[in-house]
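**Q** Below: one structure in structure tokens.
The values are calculated or read from the model by the stated rules, or taken from the named source; none is laboratory data. Just so it is clear, the model here is predicted, and its values are computed rather than measured. So basically every Cβ, Gly included, is an ideal-geometry build from the backbone, and we count neighbours across all protein chains shown. All accessible areas refer to the heavy atoms of the entire protein, side chains included, with ligands and DNA or RNA removed. Shrake-Rupley method; radii C 1.70, N 1.55, O 1.52, S 1.80 Å.
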Amino acid sequence: MMDLKEKLLAEMKQNELARANGRVMRALNVLYPKYNSLRGIQIALSDDGIGEELYTASVDFLALEGYILLRTVKDHVPVPDLADHSWVDLEGKLSGKGTRLLEGGMKDNLVN
């Protein structure tokens, strides 16, 4: 059983991921409908306190949930998740599901 400190730390980490997820999605939304370099977006979001580890977790979560679409920068091969690729070599854009989430047509407590 989790003690209070562990529970608070877990909630803080979940809130941090939810905030990062929302920021990544809003950045991609501003740049919609084109694919955009994930590296460029990470650089912009680093000023907002989203470091590489959190950014990687966010991009992976959003891709696995189908909120964003990823492909390689070099040859535009679709990438379903980050298991076999570095996000530095990828570009992304919002999916229809991601747009629906941002526009309030659905809810996800891991995206603020």
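**Q** Per the helix-only calculation at 222 nm, which mean residue ellipticity applies to the chain, given -39500 (n - 2.57) for every DSSP H run of n ≥ 4 and division by its residues, nearest 500 deg cm²/dmol? Could the numbers behind the result be given before it?
**A** Working: 4 runs with 56 residues, N = 112.
Roughly -16000 deg cm²/dmol at 222 nm, from the helical runs in the chain.
**Q** May I ask you to list the residues of the stretch 80-112 whose amide nitrogen lies under 12 Å from a point 7 Å from Cα along the Cα→beta-carbon direction of Asn36?
**A** 92-94
**Q** Please name which of Gly40, Val77, Leu102 has its Cα lying farthest along the dipole of the chain towards the positive end, using unit charges on Cβ (Lys, Arg +1; Asp, Glu -1) and the Cα centre as origin.
**A** Towards the positive end, the residue furthest out is Leu102.
**Q** Enter the angle in degrees (range 0 to 90, nearest 10) between the Cα long axis of helix 52-64 and the first principal axis of the Cα atoms of the chain, meaning the one along which they spread out most.
**A** 70
**Q** I've got another one for you. Could you go through the stretch 37-46 in sequence order and give the Karplus-derived ³J(HN,Hα) for each residue, using 6.51 cos²θ - 1.76 cosθ + 1.60 with θ = phi - 60°, rounded to whole Hz, and x for Gly and Pro?
**A** In residue order, the calculated couplings are 4, 5, 5, x, 5, 4, 4, 5, 7, 5 Hz.
**Q** Taking a probe of 1.4 Å, how large is the accessible area per residue of the chain, in Å²?
**A** 62
**Q** Once you order the gyration tensor axes a ≥ b ≥ c over the Cα atoms, which shape class does the chain get: rounded for a/c under 1.5, otherwise prolate or oblate by comparing a/b with b/c?
**A** Prolate.
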